[in-house]
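Before any comments, here is the structure.
Just so it is clear, none of the values below were taken in a lab; they were calculated from the coordinates. This is a predicted model, so every value here is computed, not measured. For neighbour counting, all protein chains shown are included, and Cβ atoms are generated from backbone atoms with ideal geometry for every residue, glycine included.
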Amino acid sequence: MARREFKNSQFDDKNGRMRRKKVSPLTIGKIEYVDYKDTDLLNKFLSERSKIKARHNSGNDAQQQRAVARAIKNAREMALMPYKAAVTTQRRERRNESDRPDRASGPPPQPTAPPPNNEDTNDESSEISSIEMNPEIIDSFDGTQDNQNEVLHNVEEGEES
């Protein structure tokens, strides 16, 4: 005897049996309008991580699936249902409790002394601050490159022009 070939998706290839088509909870309850406020009904169409179940898992037809998806999205927007469910897992017990030291209580210690200063970075800032401190040097500056070099040279030596 030759095996019959089935064209529909109700045939299960794994064990060679016919699969019963899943019936939607909307069909069982004879519900025609899916209300976004009916969260008990809508939770039947969500997975444990709050994802909308596919049609072949929920048993909905295309029109029912669209209505359910729209109602779930509205309920999420109205904060009646979560967008994402937090799944918590139990922590495993440690093998050796003595391997890990106890945590210190309180915040970490604060430094008592200020950080050390680098002298390399202060050279340029000291030149700028000395020019800003002496308004006479700024007044004598006429903008030419030679005069600019002369003023900077005088500032380094501590002279006024």
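Quick notes on this one:
- Proximal lysines relative to Lys37, as straight alpha-carbon distance under 29 Å, when same-chain residues fewer than 8 apart are discounted: Lys21, Lys22, Lys51, Lys53, Lys73, Lys84
- Remark on Arg19: its backbone amide H falls under 5 Å from those of Phe11, Asp12, a criterion applied only to residues 5 or more positions apart or on other chains, H modelled at 1.01 Å from N.
- The modelled label-to-label distance between Lys44 and Met18, using points 7 Å beyond Cα along the C-beta direction, is 2.5 nm.
- Ordered by the number of other Cβ atoms lying within 10 Å of each residue's own Cβ, fewest first, Leu41, Leu26 fall into the sequence Leu41, Leu26.
- Remark: Thr39, Thr89 ranked as Thr89, Thr39, counting other beta-carbon atoms within 10 Å and listing the fewest first.
- Each Lys or Arg adds one and each Asp or Glu subtracts one; over the other residues with Cβ under 13 Å from the Cβ of Tyr83, this totals +4.
- What the Cα convex hull of the range 8-86 gives, in volume per residue, is 100 Å³.
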